[in-house]
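Presented below is the structure to which this report refers.
Read-outs: derived from the displayed coordinates by stated rules, not from any lab. Keep in mind the model is a prediction, meaning the values are calculated, not measured. We place every Cβ from the backbone using ideal geometry, glycine too, and count neighbours over all the protein chains shown.
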Amino acid sequence: MILIIDALNKAKFSSILEDMFRLRARVFGGRLGWEVNIKDGMEIDEFDRLDPAYVVGLDEEGNVVSAVRALQTTGPHMLSDVFHAILNGEPPIRSASMWESTRFCVDTQRLTRGKERNSISYATSELMIGSLEYARNAGIKDIVTVIDPIMDRVLKRSDCAPYDYVGVTAPMGKVSALAALLDCTPERIENVRNFSNIHHDVFLDEDTVLNMLEARKEKIKSSAQLLDFPGKPSVSEAPAEEANSKVDIGAYCEEQIKDAKTLEERKAALALKEALSGMQASPRHCDA
């Protein structure tokens, strides 16, 4: 499920943007070893301050599972200002009808292997479809994208092979980087849809996403209230069924700390951990 975030609606989805920046930090700073600026666990650069558009993939609970950034090439962009080694002396691309697509990433920790709905392959294909359809609807004819050789193979395997390349392949961190050109034609979009068997509308409306985020907050709030209702017996007085439920709550606590997307959510999850530490006699604890 794809959400488009831009200058007009970014205030509504600040928690999703923070989640996306954390994913970028893990992928580009950690897995790929690129020299990126990471602060408070988030990877944000000067191009994020130019109000680009973000194509963001979400799961059923509103967690970010994939993302990519779209930026005009008529102003500053990564290929001209950061990855200029790839151009190998060629002039930067400047065109109102060609946008730059960068920071394509997928959460391999959250997703599974295979091609089912919650898989890496599905999320990758859905993000490709969302990116191409968003670009086409915005009047963009072509995309230049800075990728590594692995992503280049993914594009080719997904029947979305670049029609050309710009410059040369240059070393970037632990991997190399190259600039590929993609057109935004209906044929390319249809090829990716047929490869992935994704034929439905992939875009989410803003109200649906806001409801998903609110439901997630209520879930955390409700779990916190479970440990603080009047008349709750002590651990020694609790029946076996309730003791088992505490174990379940403990596991839930671990999950919520790990998946916290905002400071508010993390505080609520840590409060659960602290309460459990004081109430349960067993040595089971949640890891922060």
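A few comments on the model shown:
- Counting charges near Ser119 (Lys, Arg +1; Asp, Glu -1) among other residues having Cβ under 13 Å from its Cβ returns a value of 0.
- Theoretical FRET efficiency, 1/(1+(r/R0)^6), r = Cβ-Cβ of Asn88 and Lys221, R0 51 Å, to 0.05: 0.40
- Stretchable slack from Arg31 to Ile150, in nm (0.36 nm times residue separation minus alpha-carbon distance): 41.6 nm
- Checked against a 21 Å cut-off, the cross-linked pairs Lys115/Lys219; Lys10/Lys217; Lys12/Lys217 give Cα-Cα distances beyond that limit for Lys115/Lys219.
- Ala138-Asp205 pseudo-label distance in nm [points 7 Å out on the Cα-to-Cβ vector]: 2.2 nm
- Gained length - Ala161 relative to Asp51, 0.36 nm times residue gap less alpha-carbon distance: 36.8 nm
- Highest-first arrangement of 165-178, 62-75, where packing means the average Cβ count within 10 Å: 62-75, 165-178
- Estimated inter-spin distance, Thr112 and Ser80, nm [label 7 Å along Cα→Cβ]: 4.5 nm
- Radius 11 Å from Cβ of Gln72, net charge of other residues (Lys, Arg +1; Asp, Glu -1): -1
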